[in-house]
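Structure, as C-alpha cells:
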Amino acid sequence: MTQDTLTIVDNRTNQTYSLPIENGAVRATDFRPIKTDPRDFGLMTYDPAFMNTASCRSSITFIDGDRGILEYRGYPIEVLAEHCTFLEVAYLVLFGELPNETELKSWMQEITHHTMLHENTKKFMEGFRHDAHPMAMLVSTVAALATVYPEARNIHDPSNRLLQIRRLIGKMPSIAAMSYRHSLGFPYVYPDNDLSYAANFMNMLWKMVEPKYAANPVLARALDILFILHADHEQNCSANAMRSVGSSHADPYLATAAAAAALSGPLHGGANEEVLKMLDEIGSRENVPAYVKKVREGHGRLMGFGHRVYKNYDPRAKIIKWTAEQVFEVTGRNPKLDIAMELERIALEDDYFVQHKLYPNVDFYSGIIYQAMGFKPEMFTVLFAIPRTVGWLAQWQEMLLDGEQKIARPRQIYTGHRARQFLPIEKRVPLAVTHP
Ligand SMILES: CC(C)(COP(=O)(O)OP(=O)(O)OC[C@H]1O[C@@H](n2cnc3c(N)ncnc32)[C@H](O)[C@@H]1OP(=O)(O)O)[C@@H](O)C(=O)NCCC(=O)NCCS
C-alpha cells in the first residue's frame, strides 16, 4: 500500500524517521529531530537561491514551467490578455475573482482617485540629478511615500491595507511618468482621470502643450496587455523580497520599494534593458551566428533567454510577439525585431540552447515594443514595476493573512572561524598578507 510519507535512515545513527509528504513537499522543520545526540542542533536543508524550496502556500499564480503555462487565480494568461483590462486583472490578482461590472466601475474609480501625488513628493523628485536612473528614482520615491502616509504602518487593519494598496496602484504610474519626465528635463504632467489606466500613464509621459492628451488606442491597449502580462509571477526574486521585508511588518511602501529594488537587477526585471544593449552590440542579422557562438563558448549570456521556472517557451513572450505586430503598425517596425527574431531562430536550433532548455522569456521582446513606443531602455524596468506592484501587494497581503508565516529568517551553514584569540592592534598582521 502506498503511503504519503518519506522514510529516512540516518546512517550516522542507524535511526529511521518517517516524514509526512503533503502537496509533494516535506517540511524542512521535520528534519530537525534528526540528530546524532541530544545537543546536536538537528538536520537542516541547504538550498542556496531556493532552488527547490517552497517558501509559502499561495493561490495567486500558477506556473507549469515545463509546459509553458501561466495562470492568475486559475485563468490562463492568454485568455486574460485577450479579454480583460489591466485593472480588471489587478482586481482578480488581488481579490481572487474577476469583478462584475459594478465592482469594476468602482474599483477603477478608487484607483483613479489615488493617482495624484502630494506636492512634497514632486519636490522630492526634483532633487534627483538630471541623469538619475529612473528605476533608482522610482525605488526611492516609493520608499519616500512612507513619510507621506505614516498610517500605512498599521498593517493589521484590513481597510487600512486596502487603502494603501489602492494608493500604490494609483500612484505607481504617476511616479514612473515623473521619473521619465525628470530624466528629459520636462515639466511633470498631472493625471487625467477621464482616461484609462494605461492612457492616463501615456498622458503623464507624453503630453506637451495640447489641452487634452489623446492616447493612440492601439498603443494604449498594447501597454495594457503588457501590464497584464507583468502583473504577477509567483515567488520570483522581487515577490520574495516583498514577502521577506513585509514579514518583519514593515509598511507596504518600504516593502514595495524593496521589491522594486530586487526587480531592478539585470537578472530579473533589468533584463529587458540588457536585451536592447545586446541587440545594439550585435548590430545586424549577419552578426547573430557569431554572437550565439560566443555565448555558447561561455562568453556572456543571451539576455532575455532562460528562466528559473520556464523550461519551455515563456507564454508571455508569445503574447508580446503578437502585440509587437500591432504596435509596429502604428510606430513603424523597430529594426531590432529582425535581429531578435534571427537570434531566436538560431538559438532555438542550437544544441547548447536546446540542451539547456533556454527559450525567450518575457523580457526578450518587451524592450523592442517599448523602444518602438519611444521609451529609452532605462525606463523598461520602471514599466515592469508598475503592473508588478499588483502582484507584490497580493503576495504581501497573502503572506500577512497566512497563519503559518513568521518573520523570514533563513538558517546558515557557518564556515568561519570560532573562538579566536583576540590580538591587540599592534600585533595584527595586515589583511593583504593573510589574504593576498
Ligand atoms: C533567468 C536566469 C537568471 C535563470 O537562472 P538559473 O535558473 O539560476 O539558471 P543558471 O544560471 O543556473 O543556468 C543554467 C545553465 O544554463 C545556462 N544559461 C542560463 N541562462 C542562459 C543564457 N541566457 N544564455 C546562455 N546560457 C544560459 C547557464 O550558463 C547554465 O549552464 P551550465 O549548467 O552549463 O553551467 C538565467 O537564465 C539568465 O541569466 N538569463 C538571462 C537574464 C534574463 O533574461 N533574465 C530575465 C528572467 S525573466
*Quickly run through the stretch 400-425 and pick out the residues that are surrounded by fewer than 16 Cβ atoms within 10 Å (Cβ to Cβ), of a type in the set (A, V, I, L, M, F, W, C) and part of a loop (DSSP other than H, G, I, E, B).*
407, 413, 419, 422, 423
_Of everything in the stretch 8-26, what is assigned to a strand (DSSP E or B) and open to solvent by less than 60 Å² (accessible area, probe 1.4 Å)? Give them in sequence order._
8, 10, 17, 19, 25
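Yes/no matrix, rows are residues, columns are (1) in contact with a Pro (Cβ under 9 Å, 6 or more places away or on another chain); (2) open to solvent by less than 10 Å² (accessible area, probe 1.4 Å); (3) farther than 20 Å from residue 190 by Cα; (4) not polar (S, T, N, Q):
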{"position": "151", "(1), (2), (3), (4)": "no, no, yes, yes"}
{"position": "154", "(1), (2), (3), (4)": "no, no, yes, no"}
{"position": "160", "(1), (2), (3), (4)": "no, no, yes, no"}
{"position": "175", "(1), (2), (3), (4)": "no, yes, no, yes"}
_Qualifying positions in the stretch 49-72 - open to solvent by less than 60 Å² (accessible area, probe 1.4 Å), within 26 Å of residue 245 (Cα to Cα) and not in a strand (DSSP E or B)_ = 55, 56, 58, 60
*Candidate set from the stretch 29-48 (those that are surrounded by fewer than 15 Cβ atoms within 10 Å (Cβ to Cβ) and part of a helix (DSSP H, G or I)); member that is farthest from the ligand (Cβ to nearest atom)*: 29
*Out of 275, 209, 218, 245, report the one residue that is free of Cβ contacts under 8 Å to residues at least 12 places away in the same chain and either surrounded by 20 or more Cβ atoms within 10 Å (Cβ to Cβ) or more than 15 Å from residue 390 (Cβ to Cβ) (or both).*
209
_Suppose we filter the stretch 193-236 for residues that are among the aliphatic types (A, V, I, L, M) and touching a strand residue (DSSP E or B) at 6+ places or on another chain (Cβ under 8 Å); how many remain?_
1
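Could you run through the stretch 222-242 and say how many residues are under 18 Å from residue 369 (Cβ atoms) and surrounded by fewer than 22 Cβ atoms within 10 Å (Cβ to Cβ)? Please lay out each step first, then the result.
Taking the stretch 222-242 first, the residues under 18 Å from residue 369 (Cβ atoms) are 222-231.
Now narrow it down to the ones that are surrounded by fewer than 22 Cβ atoms within 10 Å (Cβ to Cβ): none.
Qualifying residue count for the region: 0.
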_Test set (1) away from the ligand (no atom under 16 Å from the Cβ); (2) part of a helix (DSSP H, G or I) - residue 292 fails condition number_ = (1)
*In the stretch 301-348, how many are within 15 Å of the ligand (Cβ to nearest atom) and either in contact (Cβ under 8 Å) with a residue 60 or more places away in the chain or open to solvent by 70 Å² or more (accessible area, probe 1.4 Å) (or both)?*
18
*Long-range neighbours under 8 Å by Cβ, at least six apart or interchain, first residue over 16 Å from residue 13 (Cβ atoms) within the stretch 35-50, second at pLDDT 95 or above and part of a loop (DSSP other than H, G, I, E, B)*: 44/32; 44/411; 44/413; 45/53; 46/413; 47/53; 50/235
*Please work out which one of (1) under 13 Å from the mean Cα position of the chain (by Cα); (2) free of Cβ contacts under 8 Å to residues at least 24 places away in the same chain is the condition residue 294 fails and give its number.*
(1)
*Could you grab me the full set of residues in the stretch 113-133 that are in contact with a Pro (Cβ under 8 Å, 6 or more places away or on another chain) and open to solvent by less than 60 Å² (accessible area, probe 1.4 Å)?*
115
*Any idea which residue in the stretch 357-391 is nearest to residue 67 (Cα to Cα), counting only those that are of a type in the set (A, V, I, L, M) and within 11 Å of the ligand (Cβ to nearest atom)?*
358
_Which numbered condition residue 368 fails, given (1) open to solvent by less than 10 Å² (accessible area, probe 1.4 Å); (2) closer than 16 Å to residue 262 by Cα_ = (2)
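The values are calculated or read from the model by the stated rules, or taken from the named source; none is laboratory data. As the structure is a prediction and not an experimental result, all values here were calculated from the model. Because the Cβ atoms are built from the backbone with ideal geometry, glycine has one as well, and the counts that use them run over all protein chains shown. SASA here: full protein model, heavy atoms, side chains in, ligands and nucleic acids out. Shrake-Rupley method; radii C 1.70, N 1.55, O 1.52, S 1.80 Å.
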